[in-house]
Amino acid sequence: MPSNVSNIQDEKLKGKLRCVVVTPEKAILDTVVDFIVVPMFDGELGVLPGRAPIIGRLGAGELRLKTGTTAERYFVEAGFVQVRSNVVTVLTSHARKAAEVTTDLATKAAADAEALPSGNVAERANKAKARDLAAGMKRVAARNASA
C-alpha cells in the first residue's frame, strides 16, 4: 500500500521527471524537469516521462535538462545512470555547470591525458579514461563557444 508521501510525489511528477545528480562529495542537483538528455559512454540517451527502467554507463559529456522553454546544461564525468519511476539518478565523480567548461580547460585536460604513462594495462586504461574526459570537455566547450 503506497504512503501519503509517495502519492504526493507521484502527483507532483505526473508528466514530469525528477533528476538527481550525485557525486561522492554531495548531491549537486535535485530538480523536476520535462526532458533529460544523458551522455552515455556510446552516445546520448533522451528520457521522457514514462520511460522504461534502465541502468547504463554514463560517459563524460553534457547533461541537458529542459523545462518548458528553458534549458540547463551540466558537464558530468563518467559514472552510472538509473532511470526508474520517472526518476533519473546520475552517479558521477564530478559535475559542474557546462558554462564553467572552457576551451583552455579542455585543452589542458587533453594535454594531461597525453602526458600519462601507458606502460601496462592499468596505465593504458587510465589514459583512455582521461582521453574520454578531455573529449567530453572539448565537446561541451565547443558548444559553449557556439552558443
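Values for this structure:
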item	result
Principal semi-axes in Å for the chain [√(5λ), Cα gyration tensor, largest first]	32, 17, 12
Exceeding the 32 Å Cα-Cα cut-off - candidates 26/108; 26/138; 16/108; 16/127; 14/108	16/108; 16/127; 14/108
Helix 121-146 vs. the chain, principal-axis angle (Cα, 0 to 90°, nearest 10)	70
Residues in the stretch 44-81 reached by a label modelled at residue 100 [backbone nitrogen below 14 Å; 7 Å Cα→Cβ]	63, 73-77
Formal net charge of residues neighbouring residue 143 (Cβ-Cβ distance under 12 Å; K, R +1; D, E -1)	+3
Net length gained if the chain between residue 82 and residue 26 were fully extended (0.36 nm per residue, minus Cα distance)	18.4 nm
Tilt relative to the chain, helix 103-115 - C-alpha long axis, 0 to 90 degrees, to 10	60
Semi-axis lengths (Å, descending) of the ellipsoid that matches the C-alpha gyration tensor of the stretch 101-146	24, 9, 5
Choice from 76, 121, 47 with maximal GNM fluctuation in the chain (Cα, 10 Å cutoff)	121
Net length gained if the chain between residue 52 and residue 111 were fully extended (0.36 nm per residue, minus Cα distance)	17.3 nm
Among 80, 105, 134 the positive-end extreme of the charge dipole of the chain (Cβ point charges)	80
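Rule-based calculations on the coordinates, nothing more; no lab input. Being a predicted model, the structure only gives us computed values, none of them experimental. So basically every Cβ, Gly included, is an ideal-geometry build from the backbone, and we count neighbours across all protein chains shown.
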